[in-house]
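This is the structure, below, for whatever I ask next.
The values are calculated or read from the model by the stated rules, or taken from the named source; none is laboratory data. Keep in mind that this is a model prediction, so the values were computed, not measured. Backbone-built Cβ (ideal geometry, glycine too); neighbour counts: all protein chains shown. Accessible surface areas use protein heavy atoms only, side chains included; no ligands, DNA or RNA. Shrake-Rupley method; radii C 1.70, N 1.55, O 1.52, S 1.80 Å.
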Amino acid sequence: MASESPKMIQIKDADNVAVAVHDLPAGEEVRPGLVTRDPIPQAHKIALRDIPAGGEIIRYGVVLGYAKADIPAGSWINEHMLNLPESPSLKDMPYATNIVPTEQLPAPTRTTWLGYRNKVGPAGTRNLLGIVTTVQCAAGVLKVAVERIKKELLPKYPNVDGVVAVTHPYGCGVAINAPLAKIPIRAVTNLIRHPNFGGEIMVVGLGCEKLTYDRVLPPEDITPENVLTLQDYAGHDAMMQAILDMADKKLQRLNRRRREELPLSELLIGMQCGGSDAFSGITANPSAGYAADMLVRGGATVLFSEVTEVRDGVHMLAARCVDEHTRDRLAEEMQWYDDYLAQGGVDRDANPTPGNKKGGLANIVEKAMGSIAKSGTSPIVEVLSPAEKPTKHGLIYAATPASDIVCGPSQVASGIDLQVFMTGRGTPYGLDICPVIKVCSRTEMKQHWFDLIDISAGGIATGDKTIPDVGREIFDMILDVASGIRQPYSDQYGFHNDMCIFNPAPIT
């Protein structure tokens, strides 16, 4: 990244646009010979030279689109002034042409953390009792029961961090045997065995739903100790008591767990962004990518996702795939999503929100270029379908929708036990199953939400900090939060979103 002036940021020499660091009035000289023709809002683009109608508009060294009309130098460029380019082809993408050796990744400042070791899979960052429903019909009962568990039982078990009711809008009124039903069923199956639940299984069903226990549990785990069917109990009191009795036995075992020093290979971290702006790809996401590289070098596993927000950079990701199979899996997931959007009568540019555009993002191409920065530079060793669990260590692409409230649960189902969430416009998003660290792209955002944002990357835009500076800050907070030493704001306030699992299958 090269900055010719503190008033604007130009990413690549080939770019013919730059981003305003702060609001710029019309008539201001932003560099010798370049004067703004219009007021330029913060994070929006200014034309660095004359761009003819049909000409390329270039940022990140990438064509964001084509000018609908002549754009004189110094003009404000917004989303209404571009025609979207075609999606990059998914056929025969070159692979393994941009593989950064592990020893060239930034070194971690720490190589151990304090976590809860599990018999299978990554360690836990929290010691939680997780109670999972098989159907939305049981959600109301379970939420009331969990409040009683917190009040009546949890005080007896000081080593348990909390109780989580995993409710979701699935389980009945659905085409349970439809091919795509495998996605939500896989999500529920994997949520039951989340690393932060310590291997304790507690599943509550209603009794007449389509998502029966055998679809989410193996036969040996379908026992009275693990599953509870509400229709089996005579009335409210019996139903509640049965839930409390089962929870008490689980809590007794969880209370015996203790944190221990573990290697980074026991960590599974998710990277996500939402409420993005044009600074996200300059400050917050590259800093998270730097932290991701540190984690990968240390042996940890890092997931990044959001199909529509990487689709226009898919060729860049293919170049980082370690082999042909991984490249092919990436192409498969992208093609599936292209088809999914087409069936809904939209394309990838349905993704950007009004807030994204107000924050300077003209279209999905520009958003994608900033989004993929959170993946860092590590080789991509595996590609997962939605809610699949990793089988390898390193950087992994986990295909999910870009919607924050669907991507998060999908990553949780894949087993992340901590998420780093980058934002430009601001969001109180959080997850109750695993902690979420918030990183903002602008200093103004941190000043405005001083007690909601954990880390600000805004100093990078003003020249006060570097990407490695903020990357190391994120890395250190990841390990502190994972170890239970620090608590992000979303957990301090209990700001936790609903578990909206991805269901592309029919609802009947």
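Under the √(5λ) rule applied to the eigenvalues of the Cα gyration tensor, what semi-axes describe the equivalent ellipsoid of segment 146-276? Give them in Å, descending.
25, 24, 14
Within a Cβ distance under 13 Å of residue 211, other residues only, what is the Lys/Arg minus Asp/Glu net charge? Write down the numbers at each step before the final one.
Details: positive: 182, 186, 210, 215; negative: 209, 214.
Local net charge: +2.
Right, next: Find out how many positive minus negative residues lie around residue 152, taking Lys and Arg as positive, Asp and Glu as negative, among other residues whose Cβ is under 13 Å from that of residue 152.
On the way: positive: 148, 150, 151, 156; negative: 147, 245, 248.
Neighbourhood net charge equals +1.
Here's a follow-up. As an exercise, take the mean of 1/r over every pair of distinct alpha carbons in the chain, invert it, and state the Kirkwood radius in angstroms. List each step's numbers first, then the result.
Values: mean 1/r = 0.0421 Å⁻¹.
After inverting the pairwise mean of 1/r, the radius is 23.8 Å.
What span do the alpha-carbon atoms of segment 373-454 cover on each of the three principal axes, reported in whole Å from largest to smallest?
41, 28, 19
Roughly how much of residue 71 is accessible, in Å² to the nearest 10, using a 1.4 Å probe?
Here the accessible area works out near 10 Å².
FRET efficiency for residue 325 and residue 253, Cβ-Cβ distance as r, R0 = 41 Å, nearest 0.05?
Details: r = 40 Å, r/R0 = 0.98.
About 0.55, to the nearest 0.05.
Can you give the local net charge around residue 435? Use residues other than it whose beta-carbon is closer than 14 angstrom to its beta-carbon, Lys and Arg +1, Asp and Glu -1.
For residues surrounding residue 435, the net value is -3.
Against the longest principal axis of the chain, how steep is helix 404-413, in degrees 0 to 90 to the nearest 10, with axes from Cα atoms?
50
Related question: Excluding ligands and nucleic acids, what accessible area in Å² is computed for residue 508 using a 1.4 Å probe, to the nearest 10?
110
State the answer as a single residue: which of 84, 61, 140 lies farthest towards the positive end of the charge dipole of segment 44-156, with beta carbon charges of +1 for Lys and Arg and -1 for Asp and Glu, about the Cα centre.
Going by the charge dipole, the pick is 140.
Please compute P(r) over all alpha-carbon pairs of segment 1-160, binned at 10 Å starting from zero, and give each bin as a whole-number percent.
Pair shares across the bins are 8, 21, 16, 12, 19, 19, 5, 0.
So how much accessible area does residue 76 have, in Å² to the nearest 10, using a 1.4 Å probe?
Rounded to the nearest 10, that gives 80 Å².
Roughly speaking, to the nearest percent, how much of segment 88-166's 1.4 Å accessible area is carbon and sulfur?
Numbers: 2160 of 3960 Å².
Answer for segment 88-166: carbon and sulfur cover 55 percent of the accessible area.
By how many degrees, 0 to 90 and rounded to 10, does the Cα axis of helix 324-343 deviate from the longest principal axis of the chain?
90
Which percent of the Cα-Cα distances in segment 111-180 go past 17 Å? Walk me through the numbers on the way to the answer.
Values: 1426 of 2415 pairs.
Percent of Cα pairs beyond 17 Å in segment 111-180: 59.
Filter 68/367; 438/465; 182/210; 7/357; 182/438 down to the pairs with a C-alpha to C-alpha distance above 22 Å, please.
Check vs 22 Å cut-off fails for 182/438.
Rounded to the nearest whole Å², what accessible area per residue is found for segment 301-396 with the 1.4 Å probe?
On the way: 3150 Å² over 96 residues.
With the other protein chains kept in place, segment 301-396 gives 33 Å² per residue.
Please report the spacing between the Cα centers of segment 172-199 and segment 69-119 in Å, no decimals.
Each part reduced to its Cα centre gives a spacing of 30 Å.
If the label point is 7 Å along Cα→Cβ of residue 28, which residues in segment 442-464 have backbone nitrogen under 20 Å from it?
442-448, 458-464
Calculate the translational D of segment 260-419 in whole µm² s⁻¹ from Stokes-Einstein, where the hydrodynamic radius comes from the Kirkwood formula applied to all Cα pairs, the temperature is 10 °C and the viscosity 1.306 mPa s. Write down the numbers at each step before the final one.
On the way: Rh = 15.6 Å.
Rounded to a whole number, D works out at 102 µm²/s.
Can you list residues whose amide H is under 5 Å from residue 51's amide H, if they're 5+ apart or on another chain and H is modeled 1.01 Å from N?
Residues meeting the criterion, in which the H sits 1.01 Å from N, are 71, 73.
Hey, which lysines would be in cross-link range of residue 250, C-alpha to C-alpha under 20 Å, not counting anything within fewer than 8 residues on its own chain?
119, 143, 150, 151, 156
Okay, moving on. What part of the accessible area of segment 178-266, given as a whole %, is carbon or sulfur when the probe is 1.4 angstrom?
Working: 2090 of 4060 Å².
Answer for segment 178-266: carbon and sulfur cover 51 percent of the accessible area.
Taking the dipole about the Cα centre of the chain, with the C-beta of Lys and Arg at +1 and of Asp and Glu at -1, give me whichever of 278, 17, 299 is farthest to the positive side.
299
Determine which aspartates and glutamates satisfy two conditions relative to residue 91: a Cα distance under 17 Å, and not lying fewer than 8 residues away in the same chain.
Straight-distance partners of residue 91: 312, 323, 324, 328, 332, 333, 338, 339.
Leaving out ligands and nucleic acids, note down the accessible area per residue over segment 51-137 with a 1.4 angstrom probe, in whole Å².
Details: 4230 Å² over 87 residues.
Heavy-atom SASA per residue in segment 51-137 reads 49 Å².
Summarise the accessible area of segment 341-416 (1.4 Å probe, protein heavy atoms) by the percent that is carbon and sulfur.
Details: 1230 of 2190 Å².
With neighbouring chains kept in place, the figure for segment 341-416 is 56 percent.
If you stretched the chain out fully between residue 86 and residue 340, how much longer would it get, using 0.36 nm times the residue separation minus the C-alpha to C-alpha distance?
Details: separation 254, 0.36 × 254 = 91.44 nm, distance 1.74 nm.
Taking residue 86 through residue 340 to full extension adds about 89.7 nm, to one decimal.
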